[in-house]
1. Mind listing just one residue for me: the one in the stretch 161-175 that is more than 9 Å from the chain's Cα centre (by Cα) and open to solvent by less than 20 Å² (accessible area, probe 1.4 Å) and, of those, nearest to the ligand (Cβ to nearest atom)?
2. What number of residues in the stretch 225-239 are over 17 Å from Ala179 (Cβ atoms) and in contact with a helix residue (DSSP H, G or I) (Cβ under 6 Å, 6 or more places away or on another chain)?
3. Applying the selection to the stretch 176-193, what residues are buried (at least 24 other Cβ atoms within 10 Å of the Cβ) and within 12 Å of the ligand (Cβ to nearest atom)?
4. Within the stretch 30-63, restricting attention to residues that are out of contact with any helix residue (DSSP H, G or I) (no Cβ under 7 Å at 6 or more places or on another chain) and either under 28 Å from Ala142 (Cβ atoms) or β-branched (Val, Ile, Thr) (or both), which residue is nearest to the ligand (Cβ to nearest atom)?
5. Testing Cys80 on (1) open to solvent by 10 Å² or more (accessible area, probe 1.4 Å); (2) over 20 Å from Ala167 (Cβ atoms); (3) outside any strand (DSSP E or B); (4) touching a residue at least 12 places away in the same chain (Cβ under 8 Å), one condition comes back false. Which one is that?
6. Just one of Trp217, Trp242 is open to solvent by 40 Å² or more (accessible area, probe 1.4 Å) and modelled with pLDDT under 95; which is it?
7. Please find, within the stretch 13-61, the residue that is surrounded by the fewest Cβ atoms within 10 Å (Cβ to Cβ) out of those that are closer than 26 Å to Glu132 by Cα and of a type in the set (Phe, Trp, Tyr).
8. Take the residues of the stretch 220-234 that are surrounded by 23 or more Cβ atoms within 10 Å (Cβ to Cβ) and not polar (S, T, N, Q): which is nearest to the ligand (Cβ to nearest atom)?
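The values are calculated or read from the model by the stated rules, or taken from the named source; none is laboratory data. Being a predicted model, the structure only gives us computed values, none of them experimental. Here the Cβ positions follow ideal geometry from the backbone for every residue, glycine too, while neighbour counts run over all protein chains shown. Just the protein is used for accessible areas: all its heavy atoms, side chains included, with ligands, DNA and RNA removed. Shrake-Rupley method; radii C 1.70, N 1.55, O 1.52, S 1.80 Å.
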Amino acid sequence: MPDEMVDAHIRGVSNALAAGWRVLDRGGSALDAVEEAVVIMEDDETFDAGRGSFLNRDGRVQLDALIMDGATLRAGGVGCVEHLRNPVRAARKILSESPHVYFVAEGAEKFAAEHGIPLCKNEDLVIPREVERLREYQASLAASKQDGNDLFAPSNDMTISHDTVGAVALDHNGDIAAATSTGGTLNKAPGRLGDSSLIGCGCYADNESAAVSTTGWGEPIMKLVLAKWTADRIAAGNLPEWSAQEAMNYLKQRVR
Ligand code: GLY
């Protein structure tokens, strides 16, 4: 993370923590707490979620989110939505009010609108910082291809600038929940879905194991179903701190 963005990230995460804590402190559920925490970060342009997300190859914001209830294993997910300021709100509606678990694209937006969530324009989610970042990235990519290097690897300062958001919570009933929300990766192909909104990949919660949210490059995380892998380590009796570290080691060793 670039030095000049550290304070904004700490502020954003602290605001999210406070929002989640307010819910828990008045006796609210873990599910409500993670939703409120993630909404704060989706609304904060610092992060790769909601407004301010990375842009896809076509210069559009395309968002994914998942929320999961550890008590019931109910979950709600949305993928590739382009007209929702807070995809986690739509995911929560799916969890609470639909027999289904997952909606994508126009179907997800239609479901959201039918359940009282206002749609926005895609331009409302796009900010100048990200337009410039995409422009620079695509220019580097074109230059690199001209040099005959088709396997162009983006430099760190272009991609490691902000990332997916997530929250986990434990409430006074002993129930746990997790939520994850993302704009995905810079210059992704339209329709590309990452780990964040897939159960067990970017998000998982089960009262009998753990609540997990992952952030980082989605493709390797998906291959390892990493959130569920980590929860299983905890169910086997390992400490959360150890299991999180082991998940990082597994990711590094297995898929580099
Ligand atoms: N972890 C976010 C993504 O790769 O889409």
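1. Our first condition is that a residue be more than 9 Å from the chain's Cα centre (by Cα); within the stretch 161-175, this holds for 161-162, 167-175.
Cutting the leftovers down to open to solvent by less than 20 Å² (accessible area, probe 1.4 Å) gives us 161-162, 167, 169, 171.
Details: Ser161: 13, His162: 11, Ala167: 15, Ala169: 20, Asp171: 26 Å.
This residue is His162.
2. Step one: filter the stretch 225-239 for residues over 17 Å from Ala179 (Cβ atoms), giving 225, 229, 232-239.
Restricting the remaining residues to those that are in contact with a helix residue (DSSP H, G or I) (Cβ under 6 Å, 6 or more places away or on another chain) gives 233-234.
The total comes to 2.
3. Going through the stretch 176-193, the residues buried (at least 24 other Cβ atoms within 10 Å of the Cβ) turn out to be 176-184.
Hits for the stretch 176-193 are Thr180, Ser181, Thr182, Gly183, Gly184.
4. Narrowing the stretch 30-63 to residues out of contact with any helix residue (DSSP H, G or I) (no Cβ under 7 Å at 6 or more places or on another chain): 30-31, 43, 45, 48, 56-58, 62.
Going one step further and asking which of them are either under 28 Å from Ala142 (Cβ atoms) or β-branched (Val, Ile, Thr) (or both), we end up with 45, 48, 56-58, 62.
Working: Glu45: 17, Asp48: 7, Asn56: 11, Arg57: 14, Asp58: 16, Gln62: 10 Å.
By that ranking, first place goes to Asp48.
5. Here Cys80 clears every test but (3).
6. Answer to the selection: Trp217.
7. Phe54
8. Ile221
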